[in-house]
Amino acid sequence: MYEQRIFENFDIKEKFISVIPYGNGHINDTFLVQTKGKIKVKQYILQRINHRVFKNVEGLMNNIEIVTAYVNINFPGNEYQKIIKTKDNKNYYFCSDTYTYWRVYTFVEDGVSFDDIVEPNLFYETGLAFGEFQKYIQDLNAEKIVETIANFHNTKIRFKNFETSVNLDLVDRVRLAKPEIDFLLSKKDYAPVIVDLLEEKKIPYRITHNDTKLNNVIFHKTTKKALSVIDLDTIMPGSILYDFGDAIRYGANKGKEDDRDLTKVGIDLNLFELFTKGFLENTAKMMNKTEIEHLAFSALLMTYELSMRFLEDYLNGDKYFKASDDEHNLRRARAQIALMKDIEKNLDKMNLIVKNIYNDCMKKDS
Ligand code: ADP
Ligand code: GN1
Ligand code: MG
């Protein structure tokens with residue numbers, strides 16, 4: 001079997017048993033491999049890296065190696081995944097026959113990920129996990145970290161790209177998404193807010209995760225405690241606000257990211273509060289006042305960004321995100337727009353929640 005042949009290029013002593021597709025990521029192709037360990041079955045994650053999205057696979061894998069090695073040395077006992085090298089000691093394998101790039105990680109033992117919040121506390125744990133990630137790497141030397149996707153969360157540039165795809169109308173879909181396009185164009189003033197704060201040095205660049213979706217956290221299958229964060233492809237300099245905002249966008253949505261029923265979509269303030277608590281317990285002390293003041297807004301901005309990205313992909317003919325049908329990206333954009341509108345209505349309440357939790361955290365820590 002093809003994946004087995006790929007897997008056999010990695011430095012693994014155990015005997016291969018099986019390989020099956022795994023997980024629900026939108027970007028890479030993920031497989032679960034089982035091998036015959038000494039006592040029990042041992043599992044690994046095998047991934048085909050999407051090199052249309054990630055052009056510099058070598059730089060990306062070096063980033064992940066630097067970060068995971070740093071966390072494993074400085075915070076022993078954590079459950080972060082480890083890179084398994086190839087037999088010739090490289091951190092990825094390039095298959096020249098099929099022009100594909102592959103990697104293998106240790107499977108986080110007893111770990112599962114969730115696409116939906118199955119119990120509210122899961123989202124408190126998610127906040128702790130992404131907050132802990134920030135805490136772990138705050139002193140990491142960023143010099144060797146490369147930008148794996150240029151301007152990934154630069155919403156000014158995201159807006160321009162969106163406008164361009166509307167003007168080009170490559171696959172004649174603009175006529176099918178008029179109200180959505182008009183709405184997103186009308187919100188132009190949101191686009192520069194965080195980028196400008198970074199450029200004016202009012203908030204710092206930090207090494208951030210940049211893809212803080214619920215299913216990028218691994219939980220213990222029975223205790224449901226967060227064990228670690230995964231999907232480290234987009235680790236690069238960014239704002240902590242991106243990590244906070246994107247996690248809320250996905251996890252605190254009462255509906256699904258691509259919900260057909262827009263009446264189900266909206267911000268769940270209880271989940272917002274739980275995540276904020278977990279996140280700030282680990283990060284309140286690191287953050288400056290301007291960052292704290294923009295936490296709630298960051299959820300709105302990241303939802304705006306994803307609305308534009310999904311709609312742009314729809315207008316470009318579904319070239320970026322894995323999509324189940326021709327309207328999937330349009331549906332996703334519609335659901336994100338519905339979420340934006342509900343966040344706009346609840347922004348004052350969200351700001352108040354942040355303020356109270358922040359004050360509590362600072363009292364506890366002083
Ligand atoms: P994508 O970039 O496509 O989202 P991910 O790296 O997030 O790919 O992997 C997809 C899914 O595979 C995750 O949501 C998770 O369920 C599972 N997964 C990935 N890496 C691991 C790991 N090291 N241990 C356990 N599960 C993993
Ligand atoms: C992608 O890879 P995955 O599924 O964790 C995307 C994120 C989006 C997300 C939306 C590299 O995340 O930016 O927020 O889909 N990752 C990349 O579901 O573009
Ligand atoms: Mg993922």
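The values are calculated or read from the model by the stated rules, or taken from the named source; none is laboratory data. Every value quoted in this text rests on a predicted model; they were computed, and no experiment measured them. Every residue, glycine as well, gets a Cβ built from its backbone with ideal geometry; the counts of neighbours run over all protein chains shown.
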Checklist entry - When you look at Lys224, is it of a type in the set (D, E, K, R) and over 16 Å from the mean Cα position of the chain (by Cα), yes or no? => result yes
Next on the checklist: Looking for something assigned to a helix (DSSP H, G or I), within 16 Å of ligand 3 (Cβ to nearest atom) and under 24 Å from Val229 (Cβ atoms) - is there at least one such residue anywhere in the range 40-60?
Outcome noted: yes
Checklist entry - Here are some conditions: (1) surrounded by 15 or more Cβ atoms within 10 Å (Cβ to Cβ); (2) under 30 Å from Tyr304 (Cβ atoms). Val118 meets all but one. Which one does it not meet? => result (1)
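Rundown of residues vs (1) crowded, with 19+ Cβ neighbours inside 10 Å; (2) within 22 Å of Ile12 (Cα to Cα); (3) modelled with pLDDT of 95 or more; (4) among the aliphatic types (A, V, I, L, M), yes/no style:
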site: Gln47; (1), (2), (3), (4): yes, yes, yes, no
site: Asn50; (1), (2), (3), (4): no, no, yes, no
site: Val53; (1), (2), (3), (4): no, no, yes, yes
site: Glu58; (1), (2), (3), (4): no, yes, yes, no
site: Asn62; (1), (2), (3), (4): no, yes, yes, no
site: Glu65; (1), (2), (3), (4): no, yes, yes, no
site: Asn72; (1), (2), (3), (4): no, yes, no, no
site: Lys85; (1), (2), (3), (4): no, yes, yes, no
site: Asp88; (1), (2), (3), (4): no, yes, yes, no
Checklist entry - Within the range 223-243, can one find any residue that is among the basic types (Lys, Arg) and buried (at least 20 other Cβ atoms within 10 Å of the Cβ)? => result no
Checklist outcome for this item: With criteria (1) in contact (Cβ under 8 Å) with a residue 12 or more places away in the chain; (2) more than 16 Å from ligand 3 (Cβ to nearest atom); (3) over 17 Å from Leu232 (Cβ atoms), Leu32 comes up short on (2)
Checklist outcome for this item: Within the range 61-73, of all residues that are polar (S, T, N, Q) and under 19 Å from Ala226 (Cβ atoms), the one farthest from ligand 3 (Cβ to nearest atom) is Asn72
Checklist entry - Pairs under 7 Å by beta carbon, first residue surrounded by fewer than 24 Cβ atoms within 10 Å (Cβ to Cβ) in the range 291-314, partner part of a loop (DSSP other than H, G, I, E, B), six or more apart or different chains? => result Glu291/Ile203; Asp313/Lys319; Asp313/Tyr320; Asp313/Phe321
Checklist outcome for this item: Of those in the range 185-212 that are farther than 13 Å from Phe297 by Cβ and out of contact with any Ser or Thr (no Cβ under 9 Å at 6 or more places or on another chain), the residue surrounded by the most Cβ atoms within 10 Å (Cβ to Cβ) is Ile207
Item to check | Cross-chain or 6+ apart pairs with Cβ under 6 Å, the range 186-211 first and at pLDDT below 95, then surrounded by fewer than 18 Cβ atoms within 10 Å (Cβ to Cβ) | outcome: none
Checklist entry - Got at least one residue in the range 147-162 being surrounded by fewer than 18 Cβ atoms within 10 Å (Cβ to Cβ), assigned by TED's automatic domain parsing to the domain that holds Gly278, modelled with pLDDT under 95 and within 24 Å of Asn216 (Cα to Cα)? => result no
